[in-house]
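All remarks here apply to the structure that follows.
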Amino acid sequence: MAKGTVKIVVERCKACGFCVEFCPTKVLALSPAFNSKGYHPPHMVNPEKCSGCDLCGMYCPDFAIFGYKVGEKPAQKEAVHES
Amino acid sequence: MKADPAGVLTGVHFLDGDHACCEGALAAGACFAAGYPITPSTEVVERFAARIPKVGGTFIQMEDELASSIAIQGAVWGGAKAFTVTSGPGFSLMMEHIGYAVMTETPCVFVNVQRGGPSTGLPTLPAQSDMMQARWGSHGDYEVIALCPNSPQECFDLTITAFNLSEKYRVPVMFMMDECVGHMTEKVIIPPAEQIEIEPRRKTHKPHDAYKPYECNGDGSLVPEMAHAGEGYKFHVTGLTHDERGYPAMTVAAQQKLVGRLRDKISKAADDLLLVEQDNTADADVVVVTYGITSRVAQRGIDSARAKGLKVGKLRLKIVWPFPDQLIKKLSQRAKAFVVPELNLGQISREVERAAGGVKTVCVPHAGGGVHRPEDILKAIQEASR
Amino acid sequence: MSEVDFECAECTNPVEPFLRSERMPHIWCPGCGIGTTVNCFTRALIDSKANLEKLVVVSGIGCTGRVAGYLKLDSFHTTHGRAIPFATGLKLANPKLTVVVYAGDGDLSAIGGNHLIHAARRNIDLKVICVNNLIYGMTGGQTAPTTPEHATTSTNPYGTFEPGFNLPHLVDAAGAVYVARWTTFHVRQVARSMQEAFKKKGFSFIEIISPCPTLYQRRNKMGDGLDAMKYYKQASKVKNGAPTGEVGLTKTGEIAVGKFVDRDRPDYRELMVHRFHESLGDEYVETGELVCS
């Protein structure tokens with residue numbers, strides 16, 4: 001079973017391909033489908049290989065994809081130290 | 001509110017205008033200054049550099065006037081009251097940041113001890129030839145406030161006024177001295193702190209979520225409330241045309257709304273921003289409109305003319321911008337002529353002519369480097385009254 | 001199992017809490033690397049547990065200048081080249097703030113070049129992030145002080161012939177206490193360098209080589225953003241501690257990356273406070289935050 005997965009905001013994607021190219025386990029490919037701006041967003045072609053490392057999220061210049069480990073809720077890794 | 005006594009050097013002093021300006025800034029609560037050396041203004045920041053470590057605050061000598069004029073704005077958003085000091089060539093370099101202060105509504109004071117220009121001109125000699133630059137020097141449509149002192153005492157008093165107005169209207173204020181006033185030494189009386197009125201910053205007290213940095217309160221004021229960096233508001237400030245959230249808005253409507261408000265907050269406050277001295281204007285045939293050092297020379301000319309029986313009045317502008325259109329218009333209903341001596345080839349005289357609506361306006365030009373001869377002003381009054 | 005998590009509303013991109021989401025999508029071109037650097041920046045903020053109320057981003061003008069406006073932090077989009085002097089005033093007025101200058105190569109090293117070297121010389125406690133795309137992007141692809149020789153630009157249509165700046169060398173010579181260079185390929189290293197800079201007191205400078213597919217890569221027939229990233233991956237060589245005089249860039253050659261400088265010297269404020277204590281003794285009124293009345 002996959003250790004992780006990704007979440008994609010299709011409409012933000014500009015299809016640069018960074019996430020596809022640099023995914024260490026080659027989980028992603030650009031989809032044949034279009035978003036409303038005419039770009040091909042990524043989709044998971046090997047979901048079982050996803051480790052949830054979030055390298056795709058680090059690379060994505062459009063904040064359109066991120067990865068996380070299954071069972072972990074990324075936003076709740078408390079980021080913000082409000083004083 | 002009253003001035004913080006820490007910066008107020010209460011007492012009777014013998015000061016030149018540059019030093020008096022520095023004391024005015026300290027009394028007004030300025031705790032940050034950035035500057036770059038330039039004659040004849042440097043004494044202001046030299047004194048500030050010596051005084052501020054004992055008062056509490058920071059002076060930094062920046063690498064140029066571009067840096068000085070934006071460093072003060074960083075300091076203002078960090079919580080300080082701040083100013084910079086320069087003369088003509090440096091003032092030219094500061095123009096972009098006057099625009100930035102206008103657009104971002106950053107309260108700050110630009111002191112310009114005017115010298116002869118253009119270019120390097122006359123570094124050690126006076127002029128009043130940056131008056132239009134103070135009004136129009138940065139690109140785009142805008143309104144600012146400019147003051148002109150004519151004595152060291154006024155360099156003190158009106159510097160406080162300059163800071164107060166910049167806080168009240170969140171606008172950069174030009175403090176337009178000249179080399180004569182800056183280097184003239186006279187008695188300066190600095191009152192106790194409790195007699196000095198200070199305009200507090202227009203700080204917001206709204207909850208973080210409800211605050212929009214460029215939203216007017218709905219209380220009729222066109223001046224939004226200000227937050228400082230580090231208070232948790234997480235606000236954005238930009239020199240781009242922006243909406244009430246401070247976000248860039250590249251539309252005709254946003255431009256019209258913002259630039260219109262930036263103009264209106266000053267132009268609609270014309271009554272509050274009228275600061276003049278009038279002598280014998282009520283029944284004057286000729287009104288001499290004057291400001292800065294020239295007003296002291298003009299006084300001789302006016303006195304001589306009155307001794308000869310001419311009905312001459314004096315209107316001295318302490319606030320030059322916004323220009324007192326309504327007052328000039330009112331005086332023009334009776335006066336036959338206006339005489340405007342100034343240390344330039346005709347800048348404020350054109351404003352008088354415009355506001356006077358056809359009443360004869362005589363400029364008494366002087367290219368700078370010295371002051372007028374009183375007899376030349378007398379001669380202009382005599383000719384104008386014919 | 002993963003289906004459920006995939007749909008869960010709380011699972012948000014780690015960058016999201018830092019963005020003014022209502023302003024998305026941003027203006028950057030497909031394949032531009034600036035957004036990638038923003039990811040690194042936000043990951044660095046998370047991992048360093050930065051106090052976000054006291055963290056301010058100051059940008060200049062240009063493509064990278066837009067970063068300030070997209071971040072949900074106190075943020076200032078200043079004039080062209082003047083982010084550093086604005087940040088200098090801000091930091092001196094309130095030393096409790098962590099002040100980050102986020103700007104492009106043209107902004108920092110051409111129009112703002114004088115401020116860059118003087119802030120480094122004074123050792124003002126600023127964290128300068130320089131996204132270097134080797135060209136003026138916002139205005140249409142003109143030559144920058146960083147454009148490698150022989151690259152074609154709109155103002156050097158027959159190829160650039162003036163030598164470019166080696167920015168790490170410049171700021172090292174001027175006195176920066178922390179100098180690193182990475183590319184947008186090195187996302188984890190960029191984030192780590194940013195964290196190190198947050199901890200470092202004094203003038204830190206991180207150069208991030210970044211693609212400009214629309215104007216630099218296209219005009220030089222170097223492919224798109226992804227091709228630039230592949231080139232960075234292939235041509236980069238980690239040279240931690242390398243003498244900065246040897247890390248200049250060429251159009252197609254090796255890209256020296258790594259942490260080049262990490263040293264300690266007192267920052268501007270420390271020097272100022274020390275001097276006044278020495279000279280003025282009890283007369284000195286030391287101030288923290290300058291709070292106006």
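Quick notes
- Test: residue in region C:158-173 that is out of contact with any helix residue (DSSP H, G or I) (no Cβ under 6 Å at 6 or more places or on another chain) and without any contact (Cβ under 8 Å) to a residue 12 or more places away in the chain: yes
- The residue of region C:239-293 that is farthest from C:THR160 (Cα to Cα), among those that are within 8 Å of chain B (Cβ to nearest Cβ), in a loop (DSSP other than H, G, I, E, B) and among the aliphatic types (A, V, I, L, M), is C:VAL285.
- Restricting attention to region C:86-100, the residues being touching a Gly at 6+ places or on another chain (Cβ under 7 Å), among the hydroxyl-bearing types (Ser, Thr, Tyr) and not in a helix (DSSP H, G or I) number 0.
- Leading residue by the ranking (surrounded by the fewest Cβ atoms within 10 Å (Cβ to Cβ)) among those in region A:26-39 that are within 13 Å of A:GLU11 (Cβ to Cβ) and not polar (S, T, N, Q): A:GLY38
- The strands (runs of 3 or more DSSP E) located wholly in region B:210-325 that include 2 or more residues which are within 14 Å of chain C (Cβ to nearest Cβ) and surrounded by 18 or more Cβ atoms within 10 Å (Cβ to Cβ) occupy B:236-238.
- None of B:GLY358, B:GLY313 is more than 19 Å from the chain's Cα centre (by Cα) and at positive phi except B:GLY358.
- Residue within region C:101-117 that is outside any helix (DSSP H, G or I), closer than 20 Å to C:ARG20 by Cβ and within 7 Å of another protein chain (Cβ to nearest Cβ) present: no
- For B:VAL45, the conditions (1) surrounded by fewer than 24 Cβ atoms within 10 Å (Cβ to Cβ); (2) closer than 21 Å to B:THR161 by Cα; (3) not acidic (Asp, Glu) are fulfilled apart from (1).
- Single residue of region B:70-86 satisfying the filter (in contact with an Asp or Glu (Cβ under 8 Å, 6 or more places away or on another chain) and without any contact (Cβ under 8 Å) to a residue 60 or more places away in the chain) that is farthest from C:SER59 (Cα to Cα): B:THR86
Here's the yes/no breakdown for (1) more than 7 Å from chain A (Cβ to nearest Cβ); (2) at positive phi; (3) out of contact with any Phe, Trp or Tyr (no Cβ under 6 Å at 6 or more places or on another chain):
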{"position": "C:CYS32", "(1), (2), (3)": "no, no, yes"}
{"position": "C:THR42", "(1), (2), (3)": "yes, no, no"}
{"position": "C:LYS49", "(1), (2), (3)": "no, yes, yes"}
{"position": "C:GLU53", "(1), (2), (3)": "no, no, yes"}
{"position": "C:VAL56", "(1), (2), (3)": "yes, no, yes"}
{"position": "C:ILE61", "(1), (2), (3)": "yes, no, yes"}
{"position": "C:THR64", "(1), (2), (3)": "yes, no, yes"}
{"position": "C:VAL67", "(1), (2), (3)": "yes, no, no"}
{"position": "C:THR79", "(1), (2), (3)": "yes, no, no"}
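- Scan of region B:89-127 for residues that are touching a residue at least 40 places away in the same chain (Cβ under 8 Å) and among the aliphatic types (A, V, I, L, M), ordered by number: B:MET95, B:ILE98, B:ALA101, B:VAL102, B:MET103, B:VAL109, B:VAL111, B:VAL113, B:LEU122, B:LEU125, B:ALA127
- Of the helices (runs of 4 or more DSSP H) entirely within region B:57-149, those holding at least 1 residues that are more than 10 Å from every other protein chain (Cβ to nearest Cβ), within 15 Å of the chain's Cα centre (by Cα) and of a type in the set (A, V, I, L, M) occupy B:88-104, B:131-136.
- Tallying residues that are more than 15 Å from the chain's Cα centre (by Cα) and buried (at least 24 other Cβ atoms within 10 Å of the Cβ) within region B:153-192 yields 3.
Each value in this text was obtained by applying a stated rule to the coordinates, not by laboratory testing. Predicted model, so just to flag it, every value in this text is computed and none were measured. Ideal geometry is used to build each Cβ from the backbone, glycine not excepted, and the neighbour counts take in all protein chains shown.
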